[in-house]
């Protein structure tokens, strides 16, 4: 029986191949290797070259001699000898890809692999390693990771004895992210990466409703492929994952908790499109609870669902709020969020239409009425007739309140937290980033995370700086006061260093 080996597409170590090629064959019936009577074939032909054939201990490839016992060629012949699939329907020789000889010396192939890793060693490439998916590559005999431990998308797997393994590169001119399967004698361990740190997901129930959001902090266990479905048009892989995530509990309005999420990631690669895509993570359990969810990549704020109830000192009722943004506080039916402070400024958005009331201006909240439909009244420029009001039950979809602790034109004294001395003044110039309310246990006291742009004057010089910190809103009998603590000012143009200050109202 003649086994025709596939050709190697590339030169070895940049050296030119011998200027003629012969069809290399293995005569299994006689245990011999030779040039097949000197016949030259355009298909399945190999460069006749003796160098860089790893672990080859036999005689010359040109000589009509048996391979040495114990060599790779000898064991390959032994493994293939009785393989009925090595002949076609006419009993003639057919090409056998190297990677299909997985029964050949399997123990040697798996030496040094960790759980969940796939092997690349010599001419062997695990059939489960598929271009288009992301892998982390490790030297099988050490802890060293290739490419600085970064998970890269596999672009291609070459043919022949030493297969060129090529990964994606940031450079469109020169790609140095490659190696040959036979370069390292101990081989390589490939670990499939389905989910990466920082990925964001929408948590959905069995009916497809958004129940929360999750951000991946880290992977707690190695990802392990558990199933693969291959068709003519696509490749689908199922991967078991255990993740530590920041899970947003929608009932707590912006509260985050670190939870362990276990599930099965579904990766799909369309053969025509190239890279594999994470479709979803199915059968997810949070903290080993019996309730199962599905994690869908991405966050669609319009799908946010909150469950609210007005049962403390009010008419008992429960409501479902849809489309609330992370920085917004809900008002619906009898429910008014307790963190909404009379005297503070708010922008109000109709959650059904998405349009802002009062032409999108931030208005000072004057009062919140009582009863089922509470009258929400804002300040007006007219002292005779005030039209800036609505009732909490006017819109069945509810309203979203966005607080504005700092407004354009506000002035502050800048106090150095180390010396308690005034070091300058600041005027709020822009408020593009939504200001997000933080949890507060005291009534009449609000804490808001702010990121604004200010014109800062220090030591006679004025510059524009990005300011971020926590605004403290306090309600007094005489009115409202706003101060900003833990302020970090960053110059929009270097080299001014970052410093921490306290902003006090002028």
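Where a number appears in this text, it was derived from the coordinates with a stated rule and is not lab data. All values reported here derive from a predicted model rather than from experimental measurement. Because the Cβ atoms are built from the backbone with ideal geometry, glycine has one as well, and the counts that use them run over all protein chains shown.
A crude spin-label estimate for the pair residue 207 and residue 468, with each label 7 Å from Cα along the Cβ direction, gives 3.8 nm. The Cα atoms of region 200-299 define a convex hull whose projected area, averaged across directions, is 7.0 nm². A Förster radius of 41 Å, combined with the Cβ-Cβ distance separating residue 439 from residue 173, puts the computed FRET efficiency at roughly 0.20.
With N set to the residue count of region 106-192, report its C-alpha Rg divided by 2.2 N^0.38 Å to two decimal places. List each step's numbers first, then the result.
On the way: Rg = 12.0 Å, N = 87, 2.2 N^0.38 = 12.0 Å.
So the Cα radius of gyration is 1.00 times the expected 2.2 N^0.38 Å.
Computed over all pairs of different Cα atoms, the Kirkwood value for the hydrodynamic radius of region 305-403 is 13.6 Å.
Any chance you could run the full-extension gain for residue 455 through residue 224? It's 0.36 nm times the residue separation minus the Cα-Cα distance, nm to one decimal. Write down the numbers at each step before the final one.
Values: separation 231, 0.36 × 231 = 83.16 nm, distance 5.31 nm.
Residue separation times 0.36 nm, minus the Cα-Cα distance, leaves 77.8 nm.
Measuring r between the beta carbons of residue 382 and residue 356 and using R0 = 25 Å, the FRET efficiency lands at 0.75.
If contacts are Cα pairs under 8 angstrom and at least 6 residues apart, what is the relative contact order of region 106-192 in percent? Provide the component values of the computation, followed by the final result.
Numbers: 175 pairs, mean separation 32.9, N = 87.
Value for region 106-192: 38 percent.
Under the simplified labelling scheme, the residue 271-residue 144 pair shows an inter-label distance of 3.7 nm, with each label point 7 Å from Cα along Cα→Cβ. The residues 267, 438, 244, when put in order of fewest to most other Cβ atoms within 10 Å, stand as 438, 244, 267.
Working out 0.36 nm times the residue gap between residue 238 and residue 418, then minus their Cα-Cα distance, what length gain in nm do you get to one decimal?
Details: separation 180, 0.36 × 180 = 64.80 nm, distance 5.48 nm.
So the chain would gain 59.3 nm between residue 238 and residue 418.
Per-residue extension of 0.36 nm, minus the Cα-Cα distance of residue 366 and residue 156, leaves a gain of 69.0 nm for this segment.
Which order results if 135, 372 are arranged by neighbouring Cβ count within 10 Å, fewest first? Show your work: numbers first, answer last.
Details: 135 24, 372 13.
Going from sparsest to densest Cβ surroundings: 372, 135.
Between residue 128 and residue 325, what FRET efficiency follows from the Cβ-Cβ distance if R0 is 35 Å, with the result rounded to 0.05? Between residue 128 and residue 325 the formula returns 0.25.
When you count, for each residue, the other Cβ atoms within 10 Å and take the mean per peptide, how do 168-177, 359-368 rank with the highest first?
Details: 168-177: 10.2, 359-368: 14.8.
Order by mean packing, descending: 359-368, 168-177.
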